[in-house]
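The values are calculated or read from the model by the stated rules, or taken from the named source; none is laboratory data. Everything numeric here is computed off the predicted structure, so don't read it as measured data. Reconstructed Cβ throughout: ideal geometry from the backbone, glycine too, with neighbour counts over all protein chains shown.
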Amino acid sequence: MKTNVLTIFTTVSLLMVLSCLFLASCNNNELQEESYPIGIETTLYQYPNACINYPDLQSDVDLYVVNSQKELKTWLIESEGEYPAIDFGKHTLMLLFSKTEYTAYQLVQTAKDTYRIEITFEISTSLQLPGVRNRYATLILAPKMQKKPEMNLIFKEIQGNDKEGYPKNIKTVALQYSSTCILYSNKYPSYIVTSHLPVVSYIINSRKELDSHFSSACTGDQFPSVDFDKHTLIFVFTKTDFNVGYQLVQTAEKKYQMDVEFELPYNMPIPSLSLWYGFSERATLLLAPKMQEKPEFNIRFKKTDGGGCGEGFPKNIETDDFQIDKKCLSIITPFDGMTRLYCFFINSQENLNARLSNCEEEPPSIDFDKYTLLLIYGFSDGTYQLVQTSKTTYRMDILFGYNSPPYKKQFPIAVLAPKMQEGPEVNFIYYQHY
């Protein structure tokens, strides 16, 4: 009997212990589930910018996840003969691309297999992107994940240091409009002057003032819709083929400053102000809080990164002008009509023949196993230099000088270069020339 009682007691005790363990396990699971979201520690992976294959961004920011060495090779070029050594069994490499610089990021786990990346930008940066591309890339080493994290963009107002919070960035919005409706500024001189700035601006505080900048042929729906009781339009004209960034800053009560940043090619010296003669004129409409006085304009310059990928790069590549009857080349109209060029990459006789028409002689024969032909069309007195930036990538630097007037007859140039598998990136470089 005692044995039976002991057995029953032992069994009951064991069941109680197991029940407690089960409840504790359930409680732990509940606690773990309730612990989300949690910040995840990541590591920035340093890699040369010139060794990254940048995508053609359709939005201001995009994110890609890499989970294998094969995927990695589609995004990165070997740096000094090596790819990054990553254990993809334990880690994922995230590639974060953006058109503007951000101030911070944080990876957050929101559920067992779900993540979100929070990216913080300073508020109110407005960009005009006519030419050279803004390109920012960040390589982030994170714990293994199968799905791309959701992106959450955070725009943060940066406050100043004085007791009133000045200076502080002010949000502006670039408005969409029909460019054919704009009456462009007549304040730019038609000759070279060394004291002229590349920026002309107006503030607009009424529909009547707005009408004076738009063609009378434009219909009502082509005009920006603005509540002038609450807002001011800042109308900015720039003469440039480079990226332009705008930042409105409030420096004191009712006092504003507009920072205008021009992005220049890496190997172009900071220009004298006369350089802007001959550039295309571009218009930007910025919607800002109500102001009565035009902000002071502060102009600055930033260089792009043009370095090579790996030891010995970048390096200049010798090319030859290829003799071809230019009358039989199919001429096309350049997209700028004055200083810009097209550069066509031709890697087969079939592609070349497609560019030829009305040739009096047989089309030239090229050994495309050894060579690539580059056809350059355009205006102006441009010269060029082919640059190899890595083992497999190239860049064509096309240089322009300006005479008075800068217009030159349209021309094609045929350039015979060593064999390349993909066409070169085209980079336009401007310099003074009298």
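Contact map, segment 54-78: residues that are of a type in the set (Asp, Glu) paired with residues that are part of a helix (DSSP H, G or I), Cβ distance under 8 Å, separation 6+ or inter-chain. Pairs shown: Glu78/Cys51.
Yes or no: segment 384-399 includes at least one residue that is over 30 Å from Gly81 (Cβ atoms) and either at pLDDT 75 or above or surrounded by fewer than 16 Cβ atoms within 10 Å (Cβ to Cβ) (or both). Walk me through it before giving the result.
Just the residues of segment 384-399 that are over 30 Å from Gly81 (Cβ atoms), to begin with: 398-399.
Narrowing the set further to residues that are either at pLDDT 75 or above or surrounded by fewer than 16 Cβ atoms within 10 Å (Cβ to Cβ) (or both) leaves none.
No, that holds for no residue.
Considering only residues in segment 77-119 that are hydroxyl-bearing (Ser, Thr, Tyr), at pLDDT below 90 and within 19 Å of the chain's Cα centre (by Cα), the one that is farthest from Ala174 (Cα to Cα) turns out to be Thr103.
Residues that are outside the structural domain of Gly81 (by TED's automatic domain parsing), modelled with pLDDT under 75, in contact with a Ser or Thr (Cβ under 9 Å, 6 or more places away or on another chain) and crowded, with 20+ Cβ neighbours inside 10 Å do not occur anywhere in segment 342-354.
Conditions (1) loosely packed, with under 15 Cβ neighbours inside 10 Å; (2) modelled with pLDDT under 80, marked per residue:
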position: Ser195; (1), (2): yes, yes
position: Tyr202; (1), (2): no, no
position: Thr219; (1), (2): yes, yes
position: Val226; (1), (2): no, no
position: Val236; (1), (2): no, no
position: Val244; (1), (2): no, yes
position: Val260; (1), (2): no, no
position: Leu264; (1), (2): no, yes
position: Met268; (1), (2): no, yes
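Going residue by residue through segment 103-110, is there one that turns out to be at positive phi and either surrounded by fewer than 18 Cβ atoms within 10 Å (Cβ to Cβ) or in a loop (DSSP other than H, G, I, E, B) (or both)? Step through it out loud before you land on a result.
The first filter runs over segment 103-110 and keeps only residues at positive phi, leaving none.
No, the conditions are met nowhere in segment 103-110.
Residue count for segment 45-76, restricted to those that are within 19 Å of the chain's Cα centre (by Cα), part of a loop (DSSP other than H, G, I, E, B) and at pLDDT 85 or above: 4. Only one of the numbered conditions (1) modelled with pLDDT of 80 or more; (2) touching a Leu at 6+ places or on another chain (Cβ under 9 Å) is not met by Asn134, and that is (1). Count of segment 39-66 residues, restricted to those that are among the polar types (S, T, N, Q) and surrounded by 12 or more Cβ atoms within 10 Å (Cβ to Cβ), is 3.
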